[in-house]
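Data first, discussion second: the structure below is written as structure tokens.
The values are calculated or read from the model by the stated rules, or taken from the named source; none is laboratory data. Predicted model only: the values in this text are computed from it and were never measured. We place every Cβ from the backbone using ideal geometry, glycine too, and count neighbours over all the protein chains shown.
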Amino acid sequence: MTSRTGFFLLAAALLVVAAMCVLEGVQLIATGEPLGIGLGLCAFVIPGIGVWFLRQTVRFGRASERLAKELEAEGGLPVDELRRTQGGRIDRDSADEVFARRKSEAEAAPHDWRVWFRLAVAYADAGDTPRARKAMQHAIKLNPAA
């Protein structure tokens, strides 16, 4: 199963659970009891938050995929330049070297979304997912087509 398939299955499960939660909320509100009404309203808020997070994740994925396609068309998509162990894992020292180079490129051209995209890939290769996501979000903001 690919990660995209897994994402869509989990997204579908989230939407089904959200719908069930909303239906339960309607039933709780219909009781007329103050506690039931309060719980029923919470049953509307929680799925709303989940759907908002799902929407944000989809928007982020589409935007980063669009940037990757644009960078690939320009011939600037980072290639796998990392050394790997015999087991296929990324060599940590190699990832650190590439990361240092990508970081200096981003510092030299802070308004170019392309270097931020490559820095995000370097963060991901180094295993720093939160910073990779922030660097990708910055690249998305810098892209004029965004």
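Among the residues of the range 27-67, write down those that are of a type in the set (Asp, Glu) and in a helix (DSSP H, G or I).
Scanning the range 27-67 gives a single hit, GLU65.
Taking only pairs six or more apart or across chains, which ones have beta-carbon atoms under 8 Å, a first residue in the range 17-43 that is on the phi < 0 side of the Ramachandran plot, and a second residue that is charged (D, E, K, R)?
Hits for this filter: GLY40/GLU24; ALA43/GLU24.
Yes or no: ARG114 touching a Gly at 6+ places or on another chain (Cβ under 7 Å) and of a type in the set (Lys, Arg)?
Yes.
Which of the residues that make up the range 1-47 are loosely packed, with under 11 Cβ neighbours inside 10 Å and of a type in the set (S, T, N, Q)?
Residues satisfying the conditions are THR2, SER3, THR5.
Yes or no: the range 87-95 includes at least one residue that is within 22 Å of the chain's Cα centre (by Cα), part of a helix (DSSP H, G or I) and either modelled with pLDDT under 90 or surrounded by fewer than 11 Cβ atoms within 10 Å (Cβ to Cβ) (or both).
yes
Counting just the residues of the range 96-117 that are at pLDDT below 90 and among the basic types (Lys, Arg), which one comes out surrounded by the fewest Cβ atoms within 10 Å (Cβ to Cβ)?
It comes out as ARG101.
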